[in-house]
Every structure is written in C-alpha cells, then in structure tokens.
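The values are calculated or read from the model by the stated rules, or taken from the named source; none is laboratory data. Because the structure is predicted, anything quoted here is derived from the model rather than measured. Cβ sites come from the backbone with ideal geometry, for glycine too, and all protein chains shown count toward neighbours. Side chains included, ligands, DNA and RNA excluded: accessible areas come from the protein's heavy atoms. Shrake-Rupley method; radii C 1.70, N 1.55, O 1.52, S 1.80 Å.
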Amino acid sequence: MKLCPNCEQNNKEEAKFCLNCGCRLFLVEPRAGNYSVQRFNHTDIKNFISNHYWNIKHNLSVTNNFFVYIEKGKKVFNEEYLMLTQIHGRDKLNTAIGYLIKNMYYWENCGRATAGNTNLIKSYEKHSPTSITIFNKEDFNN
C-alpha cells in the first residue's frame, strides 16, 4: 500500500494519486519506520505550508522564499508561524518546513545556502525541480 504524504490514506500500490485527497503519491514509498517521515508528519505544519506555498517564487531558493513570505507578508502569516513555534519549537518547525516543502511538492536537495531577506532562518537547503515538481495548485490535485 502507498501512504499519502498529505492525509495518510492508504492507497493501492499502483495508485498515482490519493483516493481521499487527490495528492500526488510518492514514486518510492518511504521505508516503514523512517524517522524523518514520522518526525515531520504534523498536519498543522503541512496545512500551514499548503496555505502559503502557492504564493511564493518557485526556484532553487523555494525554502528561503517561503520564510521571506511568512516574515514580510501579512501579520497573520507571522502570527501563525509564531503559534507553530510554540507548539513544535523554532528549530524543529523550520527543519520540518524545509523537509516538507521538498517532499510534499517533489523537489530535490542541491546544497546548503545562507538565508537572505529573513531573520527566521540562517541557512536552508536549496531545492532543484524534478520532472514531477508541483508548482501550481491545480497540479497538486491532479
């Protein structure tokens, strides 16, 4: 069975999209017991990312762009981020955001970089697009 990274629904092995939420499924199923997958599997963080991912520039700096958008955008975005830091801790939340952007939207890691234009992070993992990277909301549900 393939586990949906968005809603945790079990799907048939041959399924490309989740039967429950329509999310594109992983090409390779994460190993059972994979600590990273379990550690960052928080619905509140995934929803936070999903609400804002579509409004940022999608390039090698996608993770940095996300944090700039949260910090420099509407006050409510920053308040939502601060609420999540109280629940998860700042370091864990920031790591989870980078990890989930990569895995929810199918980016590949391509090296570390110093963050710019934000005080929320000091560095981040650059991500390069793949043939299945999701850039548009319409693609996320197809």
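Which residue pairs have Cβ atoms closer than 7 Å, lie 6 or more positions apart in sequence or on different chains, and pair a first residue in segment 11-30 that is polar (S, T, N, Q) with a second residue that is open to solvent by 40 Å² or more (accessible area, probe 1.4 Å) and at pLDDT 80 or above?
Note: pairs meeting the criteria are Asn11/Leu19.
Among the residues of segment 112-142, what is the count of those that are modelled with pLDDT of 90 or more and within 27 Å of Leu82 (Cα to Cα)?
16
Could you list, in sequence order, the residues of segment 94-126 that are assigned to a helix (DSSP H, G or I) and open to solvent by less than 20 Å² (accessible area, probe 1.4 Å)?
Ala96, Ile97, Gly98, Leu100, Ile101, Met104
Residue by residue through segment 62-84, note down the ones that are open to solvent by 30 Å² or more (accessible area, probe 1.4 Å) and among the hydroxyl-bearing types (Ser, Thr, Tyr).
Tyr69 - this is the single residue of segment 62-84 that is open to solvent by 30 Å² or more (accessible area, probe 1.4 Å) and among the hydroxyl-bearing types (Ser, Thr, Tyr).
Are any residues in segment 48-61 of a type outside the set (A, V, I, L, M), outside any helix (DSSP H, G or I) and surrounded by 17 or more Cβ atoms within 10 Å (Cβ to Cβ), and if so, which ones?
Within segment 48-61, His58, Ser61 qualify.
Looking at Glu71, is it among the acidic types (Asp, Glu), part of a helix (DSSP H, G or I) and at pLDDT below 95?
So Glu71 passes the test.
Considering only residues that are on the phi > 0 side of the Ramachandran plot and open to solvent by 20 Å² or more (accessible area, probe 1.4 Å), look in segment 2-47 and name the one that is modelled with the highest pLDDT.
Glu8
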